[in-house]
Amino acid sequence: MGARTKARKRALDLLFEAEQREINAKDLLDERVLAPVTPAPLPEYTAVLVRGVVDHWRTINEALETYARGWTLDRMPAVDRALLRVAAYEVLYVDDVPDGVAVSEAKNLATELSTDNSPQFIGGLLTKLSEVKLSIVD
């Protein structure tokens, strides 16, 4: 597993945990930086992703809801919500990651961590965001 793949998974874990604990993901990130719960420190890219998602929370959520075709965020599995937020941030705001890479990474994580239908759903939604991102980005 590559460094950015690991960072994406850690960001997904932090966003998922923050939602379950009903706390701000940036606060959880700061907590984990100060008091790590694993021997390995958090990758710098994990912090970039978590901070980016939180900084663009409203735009990312609105885009996901708009293009999810009948699926609200609340209806999606929690792991899919977290994964979509990370990948949507990359697609919409990270210029040095090609959209196709962000989509592929998200689909791979969905295959590993979520339902059988999640990879296709996530891939389709993120591909749509990639197509319309110039009209979304704030």
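Between the range 62-130 and the range 5-46, how far is it from one alpha carbon centroid to the other, in angstrom?
Each part reduced to its Cα centre gives a spacing of 19 Å.
What dipole magnitude, in Debye to the nearest 20, does the range 80-138 give about its Cα centre under +1 on Lys/Arg Cβ and -1 on Asp/Glu Cβ?
Around 200 debye, computed over the range 80-138.
On C-alpha positions alone, give me the angle between the axis of helix 44-55 and the longest principal axis of the chain, in degrees, nearest 10.
Helix 44-55 sits roughly 60 degrees off the main axis of the chain.
Search the structure for amide H atoms under 5 Å from the amide H of SER114, placed 1.01 Å from N in the peptide plane, and list their residues when 5 or more places away or on another chain.
none
Calculate the dipole size of the chain relative to its Cα centre from +1 charges on Lys and Arg beta carbons and -1 charges on Asp and Glu beta carbons; express the result in debye to the nearest 20.
For this selection, approximately 200 debye.
Once neighbouring chains are kept in place and the probe is 1.4 Å, which whole percent of the accessible area of the chain is contributed by carbon and sulfur?
The nonpolar share, carbon plus sulfur, comes to 51 percent.
In nanometres, what is the gap between the two model label sites at TRP71 and VAL137, each 7 Å from Cα along Cα-to-Cβ?
My value for the distance between the label points is 2.5 nm.
Using the beta-carbon distance between THR127 and VAL37 and R0 = 41 Å, what value does 1/(1 + (r/R0)^6) give for FRET efficiency, to the nearest 0.05?
0.75
Just reorder ASP96, ASP30, ASP116 by solvent-accessible area, largest first, 1.4 Å probe, all chains present.
ASP116, ASP96, ASP30
Once Lys and Arg get +1 and Asp and Glu get -1 on their Cβ, which of LEU34, LEU64, PRO119 lies farthest toward the positive end of the dipole of the chain?
After comparing all options, I get PRO119.
Taking θ = phi - 60°, what integer Hz values does the Karplus form 6.51 cos²θ - 1.76 cosθ + 1.60 yield along the range 116-128, in sequence order, with x for Gly and Pro?
4, 8, 4, x, 5, 4, 4, x, x, 5, 5, 5, 4
If you roll a 1.4 Å probe over the heavy atoms of the protein chains, what accessible area per residue do you get for the range 21-84, in Å²?
58 Å²
Count the lysine pairs in the chain whose Cα atoms sit under 17 Å apart, keeping only pairs 8 or more residues apart in sequence or on different chains.
The number of close lysine pairs in the chain is 4.
The values are calculated or read from the model by the stated rules, or taken from the named source; none is laboratory data. This one's a predicted model, so the numbers in the text were calculated from it and none came from an experiment. Positions of Cβ are generated from backbone atoms using ideal geometry, with glycine treated the same way; all protein chains shown enter the neighbour counts. The area values use the complete protein model at the heavy-atom level, side chains included, leaving out ligands, DNA and RNA. Shrake-Rupley method; radii C 1.70, N 1.55, O 1.52, S 1.80 Å.
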